[in-house]
Structure formats: C-alpha cells, structure tokens
C-alpha cells in the first residue's frame, strides 16, 4: 500500500544555493490588532482574511463596522444572510476584530452567521471612545499620514503605463527572451510601479523556458511581488517547478508550504514537478508524501503523473510496490491516450531486474477477453453504498425541491408496493433522437421557460412508443418520463394525444412539472431501482448537473446501467423496429485479477495495456509469459451481463 522507500531522499543543491524561501518570500504586511473579545466557538482570526480584498468581503466589513459603530441604535443583533464558506469565515473573523459576539446558525440546508453586541455594551459610545477603539485596531499602514488621492488623469496615466509594460512582457514570452523580460521588470520598478500578479506570472514562465539559469532572477521578481500583494497560483506553481529544475527539492516543498499558508489553493501542476523529482531520485517517501497532499486537497492524479510514477514503482522487484501504484491508479481512473499508453508500457518494462514487470499493448474483444493474457475482464458496478450516496445527493441538487419531493414520495410508495422499475425511459431523448433539433429544443425548455414553446414538430411520439413496446417485451415494470410540455393537448396532434392517453391509462407515464429538468426524474428513478434497474437513453450525461454527482461512483453506475438504442432501416430505407444495445460485458476501467495481472484501458480505442510480473509465472509457463486465464479467474459465465439482464427481465415480467 505504500510507495515509501527505506533510503533517505537525496537533495542535490545547485552551484549557487539560494536563500531559504522563508527569507526570500516576505509575507504581506499583517495588521496590528488589539485584543478582541474572546469566542468559545472560534479560534483566533485568520490574518489572510483581513484586510478584505474583493467587493463581497469589503461590503461585509463595512456592514459590520456600521453595526458596531451604531452600538445598538437599530437593534442589538444582526443576522447575516446565508453565504458561502469563505464569506462565513470572513464574517467570523471581522466580528472578532470588531469585538462582536458571533455564532453560526442553520437556515434549512444553508448556514448563516448571527452577530450581536457584547453584553454590557453601552447604548451609545462617545465620539472619543469610538475614535480610541478605532485607533487601537488600525493597521500600521494607516498610522502614517495617508498619501494624497491621485487625480483621474494620474490614475489613467498609471493604468496606461501598466498596460504598456504588460504588453511588452507578453511579447517577451512570445520571443522567449528572458533577458529582455528582466529589463522590462527593472524599468517597471524604476517607474515607481509595483509588480502585479500578471507580471510575476509572465516573468516566471519566461524563466522556466530560458536555457540560462534564471532562479535568482525569479526569486527577485517573486519577492518584489510578495512585498505588495499575494502572487497568484500560477506564480507559486512556477516557483515550485523552478526549484525542482535546479535540484532544490527542499525549497520546492517549502514554497508549497508557504503557498498554502498564504491561502492560495494549489493545483495538480503545483505537485507534478515534485512527483517527477521523486521518480527521478527513486524516492518513494517523497512520492507518497506528495500523493497524500494531493488527496488531502481533493485532487486526483492525471495520466502525466502516473507515467512519472510508473518507473519508480517498477524499479522495485517487490510486487507490493506496483500494487500500491495500481491502487492509486484504480482510484483516479485517468484516461490514457495511445501515446501515453506506450509511454506507460515503456516505463513499467524498464526494470533493472530481469524478473521485473512486463507490459504489452493488447486488444479486448466484445466478450471482454484480453488477447495477451486470455483473461476475461469484469463488469464493475457501483457498490450498494455508492448507489445510496447517489440516491441521497440528487434531491439536494434539484432547484425546485418541493415538486421533486412529491415525485420521490410517489416513487417510494410505488417501489414498496410493486417493486422497482426494471427500465426507465428518457422520453425526451428518445423522441428527439434523429430529428435534428434535440439540442435546440432542450435548451429552449430549460433556459427560456417564460416563453411559450413552439409546437413539437421535431418530437417523434412514434419513436417513443416503438422503444416502449420493445422494452415491454422484456418486462412490464417500465416507467416513461416526459416533460409536461410534451403532453399539452393544444401543442400535439390527435395521434400523439391518443398515445399519451394510453400511456397514462396503462400506468407507464410520469410527467415532470413545468420549470423542472426531467433528467433528474428519470435518473433518480433508475438509481432508486438499484442494480436491476436500467435507463434507456442515448444521453452521454456530460451536462454540468451530472458533473455535480460523485464522479467515480456515477461513472461506474452509468457504464453498467445505461442502455442505448437505435432504429434499424429496412431495404426501402424506412425505419422499422428499434435496436437496443445492452451495457458492455466488461468495464473500461483499471482492473486486477487474482493472479496479479493488471489491465489498463485506452481512452481512444479498444486497446488495453496488459501488465504482469515475470518473477512468478503460473505453473507450466516460461518466465516472462503472461498468465493464462484458467489460472486466475472464475468461469466467464458469471460475468455474462446479457444473460443476467434477460433473466432479471423475465423475473420482473412474471412478478408484475
């Protein structure tokens, strides 16, 4: 489970060792604060929240300052509206600084902050007391005489100068002229202008691309930016990469620490150079530490990082080392291109020992058999716990919750009485399929609900009925979900109205109300049905609302529970009966078998990468040969999803 190594991490130093980052990157000036009222609920204020920097936090600061200054004239309590976690943190911090009492309160599903005057506060403070209290909380920068305000002409002149310097730096990036970029930086300082985050980011990018050593110049630019403001994430990540380029891994880690202390959220590119350095130095300890940090901030490793880590994992003949690597790989499920799959194969095969790991690109047929290992790949479904989590999160993502909860109650009662639906039909997707206006019609209903909808000339009720009839041959427990706009009599013809009436009479149709997204209804019904329920839809579910679900759990469910359809054409070219495509018999995700053989899919084709350890081949095989299927996995029939689906459909039909 661990990539750590017993040997310590080597830390090569460049010829000219730069000062420690803690000395190079001075923190922005912190305010001088008088002791504030204590709070049993909150820790000490976070200094990076004050002074406020953006409009929302500035408005919040002025609101609380006015409330403290009024001192009870308009009430002893102030309840702030529900806000995001950042503004709630600002509210607690600002209230603490102003000597106000503050507490969190629940408002339905949201959280808010209530502030109040401290007990025993006077009805109104004298002007001298207010001035004294304000002076005690002044920033050091405010104690000096404020500089005269610049005129509009002066501000415009400064803006034009900044714009000119920024344009020159961009030209330096295009020409990859780091020396000229440094000259522009010195001119900017001589002109009395401060280095902005944009300037800093462009310069560090230049230094990264330079063929000459530019670490000292980068440290100078970064320190100049830190003296007036906090650099943005790209500048911090660039400094981490520069330190790694010059072999100063310790300084790179210290830069990440100070970045997080400054309140800047790292991205994956922040840690990628450190993971590459861990691979180059064969330091499993550093790799595991960086992976843990990536996990702690909610990020996932990409294919690039795994290619760097593959050589590190394969350099140890111990199978447990690579097993840990693949466990991380299975958790993140990155997509590998054909080129990346070849790079991964080369990295895994580049073992110093003859009895190391072997990798070979293979093909997997429709039944799931690998051409190299002869193993049958499994169909991996979402677990019961993941299904429960998906079912619980959907109602919280729906905008119009009241109407949706009515559907949830109806569905729960229906499932308890008759059992779950075996098939749930996405009526809109089926009706618009092949009609040429699906996307336009979908956007019209979702984003312009106040406008009267045009007649459903591109919606085919006959297609919906054809798919419904085909599914009813497998099971009678079928639910068809349609938006109410498709069932309004003035907008449809008599034939469609007759079909809708029949669907309602048979109990197959459920109409989602106006203003609601019908996708949530058929998705919830299918997930609530458990592992025996399937969706009939060609929707790839890439919309933003599907992205809000737990991605790994949702992708596992989607791969095994979405049935696609098409319409066959006869010899005359006319569409006849629908063709139903069952879910694949195997899952396109990282898989491991009992014998220790791993399979990694390509995102671009049916190719896979088959990986096995040559030191322990199954009996009767030569060293280095991939294991045979019979030695590793149970008979293939247990993964035959088509037979399983047919059996469930027949059972559902007889039960109904």
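Residue 228 fails exactly one of the following numbered conditions: (1) assigned to a helix (DSSP H, G or I); (2) under 26 Å from residue 51 (Cα atoms). What is the number of that condition? The failed condition is (1). Which members of the range 499-520 meet the condition of being more than 22 Å from residue 578 (Cβ to Cβ) and either touching a residue at least 60 places away in the same chain (Cβ under 8 Å) or in a loop (DSSP other than H, G, I, E, B) (or both)? Residues satisfying the conditions are 512, 513, 514, 515, 516, 517, 520.
Taking first residues from the range 450-472 that are in the same structural domain as residue 503 (by TED's automatic domain parsing) and partners that are assigned to a loop (DSSP other than H, G, I, E, B) and modelled with pLDDT of 80 or more, the Cβ contacts under 7 Å between residues at least 6 apart in sequence or on separate chains come to 463/433; 468/508. Residues in the range 266-286 that are at pLDDT below 90 and more than 18 Å from residue 245 (Cβ to Cβ) were compared, and the one that is surrounded by the most Cβ atoms within 10 Å (Cβ to Cβ) is 284. I'd like the full set of residues that are buried (at least 22 other Cβ atoms within 10 Å of the Cβ) and farther than 18 Å from residue 256 by Cα, limited to the range 186-232. Selection gives 188, 195, 199, 202, 203, 206, 207, 214. I'd like to know if the range 535-546 contains one or more residues that are without any contact (Cβ under 8 Å) to a residue 40 or more places away in the chain, within 38 Å of the chain's Cα centre (by Cα) and assigned to a helix (DSSP H, G or I). Looking for residues that are without any contact (Cβ under 8 Å) to a residue 40 or more places away in the chain, within 38 Å of the chain's Cα centre (by Cα) and assigned to a helix (DSSP H, G or I), one finds at least one in the range 535-546, hence yes. Of the residues 194, 103, the single one that is more than 24 Å from residue 72 (Cβ to Cβ), under 39 Å from the mean Cα position of the chain (by Cα), modelled with pLDDT of 75 or more and outside any helix (DSSP H, G or I) is 194. Condition (residue is surrounded by 10 or more Cβ atoms within 10 Å (Cβ to Cβ), modelled with pLDDT of 85 or more, within 23 Å of residue 243 (Cα to Cα) and touching a helix residue (DSSP H, G or I) at 6+ places or on another chain (Cβ under 6 Å)) applied to the range 151-171: is it met by at least one residue? Yes; the residues of the range 151-171 include at least one that is surrounded by 10 or more Cβ atoms within 10 Å (Cβ to Cβ), modelled with pLDDT of 85 or more, within 23 Å of residue 243 (Cα to Cα) and touching a helix residue (DSSP H, G or I) at 6+ places or on another chain (Cβ under 6 Å).
If only residues of the range 290-333 that are over 24 Å from residue 594 (Cβ atoms) and not in a helix (DSSP H, G or I) are counted, the one that is modelled with the lowest pLDDT is 315.
Taking the criterion of being at pLDDT below 75, exposed (fewer than 13 other Cβ atoms within 10 Å of the Cβ) and outside any helix (DSSP H, G or I), would at least one residue in the range 54-61 satisfy it?
No, every residue in the range 54-61 fails to be at pLDDT below 75, exposed (fewer than 13 other Cβ atoms within 10 Å of the Cβ) and outside any helix (DSSP H, G or I).
Scan the range 346-367 and give yes if some residue there is at negative phi, modelled with pLDDT of 90 or more and in contact with a helix residue (DSSP H, G or I) (Cβ under 8 Å, 6 or more places away or on another chain), otherwise no. No; the residues of the range 346-367 include none that is at negative phi, modelled with pLDDT of 90 or more and in contact with a helix residue (DSSP H, G or I) (Cβ under 8 Å, 6 or more places away or on another chain). The condition of being at pLDDT below 85 and within 22 Å of the chain's Cα centre (by Cα) does not hold for residue 570. Once the range 402-421 is narrowed to residues that are buried (at least 18 other Cβ atoms within 10 Å of the Cβ) and in contact (Cβ under 8 Å) with a residue 60 or more places away in the chain, the residue that is nearest to residue 508 (Cα to Cα) is 421. Which residue out of 634, 625 is within 28 Å of residue 340 (Cα to Cα), outside any helix (DSSP H, G or I) and modelled with pLDDT under 85? None of the others qualify; the one that does is 625. Is it fair to say residue 604 is outside the structural domain of residue 529 (by TED's automatic domain parsing), farther than 19 Å from residue 425 by Cα and either at pLDDT below 85 or assigned to a loop (DSSP other than H, G, I, E, B) (or both)? Considered against the rule, which asks whether it is outside the structural domain of residue 529 (by TED's automatic domain parsing), farther than 19 Å from residue 425 by Cα and either at pLDDT below 85 or assigned to a loop (DSSP other than H, G, I, E, B) (or both), residue 604 comes out as yes.
Rundown of residues vs (1) in contact with a helix residue (DSSP H, G or I) (Cβ under 8 Å, 6 or more places away or on another chain); (2) at pLDDT below 85, yes/no style:
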position	(1), (2)
461	yes, no
479	yes, no
503	yes, no
532	yes, no
542	no, yes
545	yes, yes
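The set of residues in the range 231-258 that are outside any helix (DSSP H, G or I) and either touching a residue at least 40 places away in the same chain (Cβ under 8 Å) or at positive phi (or both) comprises 246, 247, 248. Residues of the range 368-384 that are farther than 19 Å from residue 560 by Cβ, surrounded by fewer than 19 Cβ atoms within 10 Å (Cβ to Cβ) and in contact with a helix residue (DSSP H, G or I) (Cβ under 8 Å, 6 or more places away or on another chain): 374 alone.
The values are calculated or read from the model by the stated rules, or taken from the named source; none is laboratory data. Keep in mind that this is a model prediction, so the values were computed, not measured. Cβ sites come from the backbone with ideal geometry, for glycine too, and all protein chains shown count toward neighbours.
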